[in-house]
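S.K.: Got a structure here, written out as structure tokens. Questions coming.
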Amino acid sequence: MSDLSRRQMFLKLGAAFNGAVGVLLGIPIVGYLLSPLTRGRNGGYDRWISLGSTDQFPAGQTRLATYRNPGASPTDGETAEIPCWVRNIDGNNFQVFAINCAHLGCPVRWCPQSHLFMCPCHGGAYYEDGSRASGPPERGLFEYAFKIVDGTVHIKAGELSTPGLSAANRSLVQIKGQPPCA
Amino acid sequence: MRLIRTVGKWVDQRLQLGAPMRETMDHPIPRETASWAYVFGSAAMSAFALQLVTGILLALIYVPSASEAWNSLQILNHDVSLGWFIRGLHGWGSNFMLAIVLIHMAQVFLFGAYKFPRELTWIFGIFLLLLTLGMAFTGQVLRFDQDAYWGLGIGASISSRIPLVGPALVKLLLGGPIIAGATLSRFFAFHVFVIPGLLIAFMGLHVLMVLKLGINEWPMPGRLVRRSDYMEKYHEMTHTQGVPFVPYGVWKDAVFSAVILLAIAGCAFYFGPFGPSGQPDPRVIQTAPRPDYFFLWLYAVLSLLPPQLETPALLIGPAIALIVLLALPFVSGEGEKSWKRRPIAVLMILLVAVGLGTFTNMADHAPWSPVMDASTGAAIPSKFLSGRTPLQIQGALVFASKQCHNCHALGDIGGQRGPALDAVAVRLTSDQLVRQVLQGGGNMPAYGKNLNPAETTALVAFIETLHPASQRAAKDASLPLGARR
């Protein structure tokens, strides 16, 4: 009887030892799995990045610009080349919109004739200032924070714009209620 | 012959699998279940086996790197001998497997097979359905093209809407802040290691339970399932009038599996592989991403739901569906099995089938998507132009150049996002047309800022001519007769 309880004690000891080693191994594994979250925004991908000289963006026009995502890795290939829409309102004021529709992220196209951004997926449409015009999106286009330094347009970029992202809502353009009248 | 027997004996003495295998082959099944209605589970397994084999074959060539995946697919399609055929088998195999899994599920539901004592078999079946859908979605991503790239964006947008954890979930899903190399690598790991591993494990348990508990008997109207005596009755049924699984049941399984594999091969040979479409370069924005066939219904639902209902429906809908499916065997674990006495069950299957079919069919021509090149590429039929004044012709030009045609059809040409305008002048007066164009509304953008007065006048002059010869244009009845335009 005493021998049996001795064996049971060893069994418990063995199980506890395995459990402890499991936790010891589990911590780095979980840390590894969570690395997309723990790699900091400030030191990593959320950075000011140049889109080029303001001369490329004539006043009154909206043009496509692309940038290589900060923190991109060599295996990313073309997927790190991110497009965005740059609107030069009057020569001094700019708006930089994410390419992703605020509905489900499809690439919106600027239609200069009708002054609308249109999404080919579910038919979302936005006015030239990025505010919602019609269709399924619940809000306007996502905007990048931007600054002009020495005649160059800089935006703060690095993260895919999705409806749930608080960063994407920083400079939210949203005209509530009715669309603007003529 | 004697040598084979000797070797066999030698192996079995050590492995000792002969007896349990013979037992499995000879296990009695109810006579009526040796039926063509019971072949779908084994066919799904055969399709999965084909996926395993073709998947390994593709992995010999495929490069799971965001910079190289698309090129390696081109090499598979064009440079490797019969690479296109193996890709075709894998792509069509996926579609067939999903279809068979759904048919299997419908059959099991209609035959009441989820009732006592097979509740857990049903629950593992639900897991298998989810895992199969997971394979389909991750597989679509591995075909790393434009649709895969933007499809990931859609997945990210949906995930991001989950309260609190959404944005973190997006980063975990994508393996980083954007869709890039890490995204493809982790989808590869899921598609090739994690999900197939789980599939094999759950499939093993699923089949083991079918063997342990016995295949569901053919449901007879009025023969009710009761927890108290079902096991005894089933035992009696199989041991007095039962037949051995081999050969009575298995030959139909074998024939149907072969037919399915042949059909997959036929489709792969005749239609070829799926894609890849354009390169996964986000700078190429001239694209209209579409999901694969089995997710088309979701694409339609997301277009048709009112915007404010979308997030709740996306987040709560799947949870409710899952809870209903998981709770089913516990809510109705006893009672009638026959579909002949379960009209609601039959109606539900019909409703789901008609619903999915309708949404899939709608998504096939996606009337909600603007036709992006209609303003430059679509003709305005001559019947809407002949005999018009210069001002009205000018309006037709505005109609095309301001991209009204992208959303509004004329003579069935153009987009269907908004209503067709063939007879719009019968519905709206001149003033109402001006208001609609300038202020928008009813899901139409306002054009007030983009049209100068001359353009608006011309456009409305053109639209006013859009009425059948037999019907007159609408007039504002509040105005005195002489002032009506």
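S.K.: Got a sec? Which of B:Phe96, B:Phe116 is in a helix (DSSP H, G or I) and out of contact with any Pro (no Cβ under 6 Å at 6 or more places or on another chain)?
M.R.: Numbers: B:Phe116 fails: in a helix (DSSP H, G or I).
Being in a helix (DSSP H, G or I) and out of contact with any Pro (no Cβ under 6 Å at 6 or more places or on another chain) holds for just one of B:Phe96, B:Phe116, which is B:Phe96.
S.K.: I'm trying to understand the selection: among the residues of region A:104-117, which are at the interface with chain B (Cβ under 7 Å from one of its Cβ atoms) and of a type outside the set (A, V, I, L, M, F, W, C)?
M.R.: Our first condition is that a residue be at the interface with chain B (Cβ under 7 Å from one of its Cβ atoms); within region A:104-117, this holds for A:104-107, A:109, A:111, A:113-116.
Selection gives A:Gly105, A:Pro107, A:Arg109, A:Gln113, A:Ser114, A:His115.
S.K.: Identify, from the list B:Lys212, B:Lys171, the residue that is assigned by TED's automatic domain parsing to the domain that holds B:Ile100, loosely packed, with under 15 Cβ neighbours inside 10 Å and without any contact (Cβ under 8 Å) to a residue 60 or more places away in the chain. Can you show your working first?
M.R.: On the way: B:Lys171 fails: loosely packed, with under 15 Cβ neighbours inside 10 Å.
The unique qualifying residue is B:Lys212.
S.K.: A further question follows. Considering only region B:217-268, state which residues are in contact with a strand residue (DSSP E or B) (Cβ under 8 Å, 6 or more places away or on another chain) and farther than 14 Å from B:Glu32 by Cα. Working first, answer last.
M.R.: Of all residues in region B:217-268, those in contact with a strand residue (DSSP E or B) (Cβ under 8 Å, 6 or more places away or on another chain) come to B:224-225, B:238-239, B:242-245, B:248-249.
Once the filter is applied, which keeps residues that are in contact with a strand residue (DSSP E or B) (Cβ under 8 Å, 6 or more places away or on another chain) and farther than 14 Å from B:Glu32 by Cα, region B:217-268 yields B:Leu224, B:Val225.
S.K.: Can you pull out every residue in region B:278-304 that is farther than 12 Å from B:Tyr149 by Cβ and over 17 Å from the mean Cα position of the chain (by Cα)?
M.R.: The initial filter retains those residues of region B:278-304 that are farther than 12 Å from B:Tyr149 by Cβ, namely B:286, B:288, B:290-304.
Of everything in region B:278-304, those that are farther than 12 Å from B:Tyr149 by Cβ and over 17 Å from the mean Cα position of the chain (by Cα) turn out to be B:Gln286, B:Ala288.
S.K.: Continuing with the same structure: Find all pairs meeting these conditions: Cβ atoms under 9 angstrom apart; at least six residues apart or on different chains; first residue within region B:409-433 and under 20 Å from A:Pro136 (Cα atoms); second residue among the aromatic types (Phe, Trp, Tyr).
M.R.: B:Gln416/B:Trp368; B:Arg417/B:Trp368
S.K.: Quick check on this structure: which one of A:Arg139, A:Arg132 is more than 7 Å from chain B (Cβ to nearest Cβ), over 18 Å from A:Thr62 (Cβ atoms) and in contact (Cβ under 8 Å) with a residue 24 or more places away in the chain? Write out each step before concluding.
M.R.: Numbers: A:Arg132 fails: over 18 Å from A:Thr62 (Cβ atoms).
Selected residue: A:Arg139, the only one of A:Arg139, A:Arg132 that is more than 7 Å from chain B (Cβ to nearest Cβ), over 18 Å from A:Thr62 (Cβ atoms) and in contact (Cβ under 8 Å) with a residue 24 or more places away in the chain.
S.K.: While we're here: How many of the residues in region B:101-157 are small (Gly, Ala, Ser) and within 14 Å of chain A (Cβ to nearest Cβ)?
M.R.: Taking region B:101-157 and keeping what is small (Gly, Ala, Ser), we get B:106, B:112-113, B:125, B:134, B:136, B:139, B:148, B:151, B:153, B:155-157.
Narrowing further to those that are within 14 Å of chain A (Cβ to nearest Cβ): B:148, B:151, B:153, B:155-157.
Count: 6.
S.K.: I need a count of the residues in region A:101-152 that are polar (S, T, N, Q) and either within 16 Å of A:Val86 (Cβ to Cβ) or not in a loop (DSSP other than H, G, I, E, B) (or both).
M.R.: The initial filter retains those residues of region A:101-152 that are polar (S, T, N, Q), namely A:113-114, A:131, A:134, A:152.
Among the residues that remain, those that are also either within 16 Å of A:Val86 (Cβ to Cβ) or not in a loop (DSSP other than H, G, I, E, B) (or both) are: A:134, A:152.
Looking only at that region, the number is 2.
S.K.: Further, regarding this structure: Going by what's in this entry, would B:Leu198 be described as surrounded by fewer than 23 Cβ atoms within 10 Å (Cβ to Cβ), within 14 Å of another protein chain (Cβ to nearest Cβ), out of contact with any Ser or Thr (no Cβ under 9 Å at 6 or more places or on another chain) and not small (Gly, Ala, Ser)?
M.R.: no
S.K.: Give, as residue ranges, the helices (runs of 4 or more DSSP H) completely inside region B:348-458 that count at least 1 residues that are more than 14 Å from chain A (Cβ to nearest Cβ) and surrounded by fewer than 18 Cβ atoms within 10 Å (Cβ to Cβ). Give the derivation first.
M.R.: Values: elements: B:374-377, B:390-401, B:424-427, B:430-439.
The helices (runs of 4 or more DSSP H) meeting that bar are B:390-401, B:424-427, B:430-439.
S.K.: Under 7 Å between Cβ atoms, which residue pairs at least 6 apart in sequence (or on different chains) link something in region B:351-370 that is in contact (Cβ under 8 Å) with a residue 12 or more places away in the chain with a partner that is among the aromatic types (Phe, Trp, Tyr) and surrounded by 15 or more Cβ atoms within 10 Å (Cβ to Cβ)?
M.R.: Final answer for the pair search is B:Leu356/B:Trp297; B:Phe359/B:Trp297; B:Thr360/B:Trp297; B:Ala363/B:Trp297; B:Ala363/B:Tyr299.
S.K.: Follow-up question, since we're still on this one. For region B:56-94, give me each residue that is touching a residue at least 40 places away in the same chain (Cβ under 8 Å), farther than 12 Å from B:Pro273 by Cα and buried (at least 17 other Cβ atoms within 10 Å of the Cβ).
M.R.: B:Tyr62, B:Pro64, B:Ser65, B:Ala66, B:Ser67, B:Ala69, B:Trp70
S.K.: Of these, B:Ala300, B:Ala319, B:Ala288, B:Ala313, which one is more than 22 Å from B:Gln107 (Cβ to Cβ) and either crowded, with 19+ Cβ neighbours inside 10 Å or outside the structural domain of B:Gln107 (by TED's automatic domain parsing) (or both)? Lay out the reasoning, then the answer.
M.R.: On the way: B:Ala319 fails: either crowded, with 19+ Cβ neighbours inside 10 Å or outside the structural domain of B:Gln107 (by TED's automatic domain parsing) (or both); B:Ala288 fails: either crowded, with 19+ Cβ neighbours inside 10 Å or outside the structural domain of B:Gln107 (by TED's automatic domain parsing) (or both); B:Ala313 fails: either crowded, with 19+ Cβ neighbours inside 10 Å or outside the structural domain of B:Gln107 (by TED's automatic domain parsing) (or both).
Going through B:Ala300, B:Ala319, B:Ala288, B:Ala313 in turn, the sole match is B:Ala300.
S.K.: On the given criteria, is B:Arg388 at negative phi and within 28 Å of the chain's Cα centre (by Cα)?
M.R.: Considered against the rule, which asks whether it is at negative phi and within 28 Å of the chain's Cα centre (by Cα), B:Arg388 comes out as no.
S.K.: Does B:Phe295 satisfy the criteria of being surrounded by 20 or more Cβ atoms within 10 Å (Cβ to Cβ) and either more than 11 Å from every other protein chain (Cβ to nearest Cβ) or not hydrophobic (A, V, I, L, M, F, W, C) (or both)? Spell out how you get there, then give the answer.
M.R.: Working: surrounded by 20 or more Cβ atoms within 10 Å (Cβ to Cβ): no; either more than 11 Å from every other protein chain (Cβ to nearest Cβ) or not hydrophobic (A, V, I, L, M, F, W, C) (or both): yes.
No: the conditions fail for B:Phe295.
S.K.: Filter region A:118-129 down to the residues that are closer than 14 Å to B:Tyr447 by Cβ, under 20 Å from the mean Cα position of the chain (by Cα) and more than 7 Å from chain B (Cβ to nearest Cβ) and list them by number.
M.R.: A:Tyr126
S.K.: Could you go through region A:91-98 and let me know if any residue there is over 28 Å from B:Tyr149 (Cα atoms), assigned by TED's automatic domain parsing to the domain that holds A:Gly130 and touching a residue at least 40 places away in the same chain (Cβ under 8 Å). Please lay out each step first, then the result.
M.R.: At the first step, the residues of region A:91-98 found to be over 28 Å from B:Tyr149 (Cα atoms) are A:91-94.
Within this subset, residues satisfying the condition of being assigned by TED's automatic domain parsing to the domain that holds A:Gly130 are A:91-94.
Cutting the leftovers down to touching a residue at least 40 places away in the same chain (Cβ under 8 Å) gives us A:94.
Yes, region A:91-98 contains at least one residue that is over 28 Å from B:Tyr149 (Cα atoms), assigned by TED's automatic domain parsing to the domain that holds A:Gly130 and touching a residue at least 40 places away in the same chain (Cβ under 8 Å).
S.K.: Considering only region B:175-186, how many residues are more than 7 Å from chain A (Cβ to nearest Cβ), under 16 Å from B:Gln146 (Cα atoms) and hydrophobic (A, V, I, L, M, F, W, C)? Walk me through it before giving the result.
M.R.: First pass over region B:175-186, keeping only residues more than 7 Å from chain A (Cβ to nearest Cβ): B:182-186.
Filter once more, keeping what is under 16 Å from B:Gln146 (Cα atoms): B:183-184.
With hydrophobic (A, V, I, L, M, F, W, C) added as a condition, the list becomes B:184.
The total comes to 1.
S.K.: Next up: Does B:Ile103 qualify as being assigned to a helix (DSSP H, G or I), without any contact (Cβ under 8 Å) to a residue 24 or more places away in the chain and closer than 27 Å to B:Thr54 by Cβ?
M.R.: Details: assigned to a helix (DSSP H, G or I): yes; without any contact (Cβ under 8 Å) to a residue 24 or more places away in the chain: no; closer than 27 Å to B:Thr54 by Cβ: yes.
No: the conditions fail for B:Ile103.
S.K.: Right, here's the next one. Going through region A:37-82 one residue at a time, which ones are modelled with pLDDT of 90 or more, within 14 Å of the chain's Cα centre (by Cα) and in a helix (DSSP H, G or I)?
M.R.: Correct list: A:Thr79, A:Ala80.
S.K.: Still on this structure, please answer the following. List the number of the failed condition for B:Asp253; all other conditions in (1) surrounded by fewer than 19 Cβ atoms within 10 Å (Cβ to Cβ); (2) more than 23 Å from the chain's Cα centre (by Cα) hold.
M.R.: Answer for B:Asp253: the failing condition is (1).
The values are calculated or read from the model by the stated rules, or taken from the named source; none is laboratory data. Worth saying up front: this structure is predicted, and the values here are computed from it rather than measured. Glycine also receives a Cβ, built like all others from the backbone with ideal geometry; neighbour counts cover every protein chain displayed.
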